[in-house]
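Right, one structure below, let's go through it.
The values are calculated or read from the model by the stated rules, or taken from the named source; none is laboratory data. Here the structure is a predicted model, which means the values were calculated and not measured. All Cβ positions, glycine included, derive from the backbone under ideal geometry; neighbour counts span all protein chains shown.
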Amino acid sequence: MGAVTSSMAAKFAFFPPHPPSYGLEEEEESGKLRMTGVPARANVDVLKLRTKRGNDVVAVYFKNPSASLTVLHSHGNAADLGQMYELFSELSLHLRVNLLGYDYSGYGQSTGKPSEQNTYADVEAAYRCLVERYGAKEEDVILYGQSVGSGPTLDLATRLPRLRAVVLHSPIMSGLRVMYPVKRTYWFDIYKNIDKIPLVSCPVLVIHGTADDVVDWSHGKQLWEQCKEKYEPLWIKGGNHCDLELYPQYIKHLKKFVSAVEKFPRLRNGSAPTTDQPENPRRSTDIREKSWSNTDHREVSRPSTDHRENPRVSTDCRDKSRASTDKRERTRKTIDHPEKPSNSVDQPEKARNSIDRFGEMFRSVGFCNIDCFRPTATSV
């Protein structure tokens, strides 16, 4: 029974886009690789990385001259680098970071087949590239894992004690827990994130939509509760599994987080700054633990439960996401005026472009984590 369930979980975990959304070409004069199907950019390197399991995975490195930190991004299960390319470019620009994204084995133009162990080798090869090729230091790296990408992200984070920070975007507690409401970890489960998160010693930001119908919001909440160094989470009211980037609070909160961890060097003793009052998380199992809050002492920490009206993204995330044509974010609050803590939910706000040009990208691609782990009638 265990072997059968494990095989099912592994099968439902991976949905590589077919055909891949991009191609690879080698320039005749320079011998450098370049991606076809995406805009050419002078600040982007295209690489092939050999993993310890013998696969060649494709990676892209976005250079930002003003960056002091580097993000290593592990994308969701139904996307590849061609679909993530514009998002990576915008994140690098607006967060002022270098960013390396990679395709898992069997995704895009990467060789091999997708599996849990292969993704661990894939992210390790990507991190090794950052250190050896680009001179990145462990304490200047932020690991970012989205949906299934939270698995390789947390696995690597447990082995990097001086890591600067971790971002978990719509993460999973484990593969089996997405499929069945189990309360314990079984040996045949995959991506046992709920068991690994207490071993991560750096600040962790968790982002999750409250209306996620693929990976329930409870996954993000329980992972956040188990963090050693909690940062104020972002619970996007009404957000689904694939549209969180369309909310203006997504990029705002990420900017605050990156700014916070940039100002405070990696803490060697495992303790976090406690200048702010501890946050009162919803249904937290440990009220004694203080949240690792952002560094602006003028702002009182509060749960980020922003709301939007009438989400129009379909449950399988393939329909086109609706974005506003307004390219300016409305400033909802200013950090110069402290707010009173409140347990009430903010007034509804429509999802809009959180970063310029996001709307067109989402409409044309409709990428992200399509029904990860979800069994279908034809799959059973």
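The single condition among (1) surrounded by 15 or more Cβ atoms within 10 Å (Cβ to Cβ); (2) assigned to a loop (DSSP other than H, G, I, E, B); (3) in contact (Cβ under 8 Å) with a residue 40 or more places away in the chain that Asn64 does not satisfy is (3).
Which one of these is buried (at least 20 other Cβ atoms within 10 Å of the Cβ), free of Cβ contacts under 8 Å to residues at least 60 places away in the same chain and either in contact with a Gly (Cβ under 9 Å, 6 or more places away or on another chain) or part of a strand (DSSP E or B) (or both): Thr111, Thr119? Break it down stepwise before answering.
Working: Thr111 fails: buried (at least 20 other Cβ atoms within 10 Å of the Cβ).
Matching residue, one of Thr111, Thr119: Thr119.
Residues checked against (1) of a type in the set (Ser, Thr, Tyr); (2) at pLDDT 95 or above:
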position	(1), (2)
His169	no, yes
Ser174	yes, no
Arg177	no, no
Arg184	no, no
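Considering (1) at pLDDT 95 or above; (2) surrounded by fewer than 16 Cβ atoms within 10 Å (Cβ to Cβ), the lone condition that Arg41 does not fulfil carries the number (1).
Quick check on the stretch 154-201: of everything there that is among the polar types (S, T, N, Q) and in contact with a Pro (Cβ under 8 Å, 6 or more places away or on another chain), which residue is farthest from Val97 (Cα to Cα)? First the steps, then the outcome.
Taking the stretch 154-201 first, the residues among the polar types (S, T, N, Q) are 158, 170, 174, 185, 193, 201.
So of that shortlist, the ones also in contact with a Pro (Cβ under 8 Å, 6 or more places away or on another chain) come out as 193, 201.
Numbers: Asn193: 26, Ser201: 22 Å.
Within the stretch 154-201, the match that is farthest from Val97 (Cα to Cα) is Asn193.
Out of all the residues in the stretch 193-222, which are assigned to a helix (DSSP H, G or I) and out of contact with any strand residue (DSSP E or B) (no Cβ under 6 Å at 6 or more places or on another chain)? Within the stretch 193-222, Asn193, Ile194, Asp195, Lys196, Ile197, Pro198, Leu199, Ser218, His219, Lys221, Gln222 meet the criteria. The listed residues are Val148, Val166, Val131, Val182, and the only one of them that is of a type in the set (Val, Ile, Thr), in contact with a helix residue (DSSP H, G or I) (Cβ under 9 Å, 6 or more places away or on another chain), under 28 Å from Ala59 (Cα atoms) and surrounded by fewer than 21 Cβ atoms within 10 Å (Cβ to Cβ) turns out to be Val131.
Does the stretch 86-101 hold any residues that are among the hydroxyl-bearing types (Ser, Thr, Tyr) and either part of a loop (DSSP other than H, G, I, E, B) or surrounded by 24 or more Cβ atoms within 10 Å (Cβ to Cβ) (or both), and which are they? Steps first, answer last, please.
Of the stretch 86-101, the ones among the hydroxyl-bearing types (Ser, Thr, Tyr) are 89, 92.
Within the stretch 86-101, just Ser92 meets the criteria.
Among the residues here, Tyr104 does not qualify as outside any strand (DSSP E or B), touching a Pro at 6+ places or on another chain (Cβ under 6 Å) and surrounded by fewer than 24 Cβ atoms within 10 Å (Cβ to Cβ). The single residue among Gly101, Gly135, Gly175, Gly106 that is without any contact (Cβ under 8 Å) to a residue 40 or more places away in the chain and not charged (D, E, K, R) turns out to be Gly135.
The set of residues from the stretch 156-185 being within 25 Å of Glu262 (Cβ to Cβ) and not aliphatic (A, V, I, L, M) comprises Thr158, Arg159, Pro161, Arg162, Arg164, His169, Ser170, Pro171.
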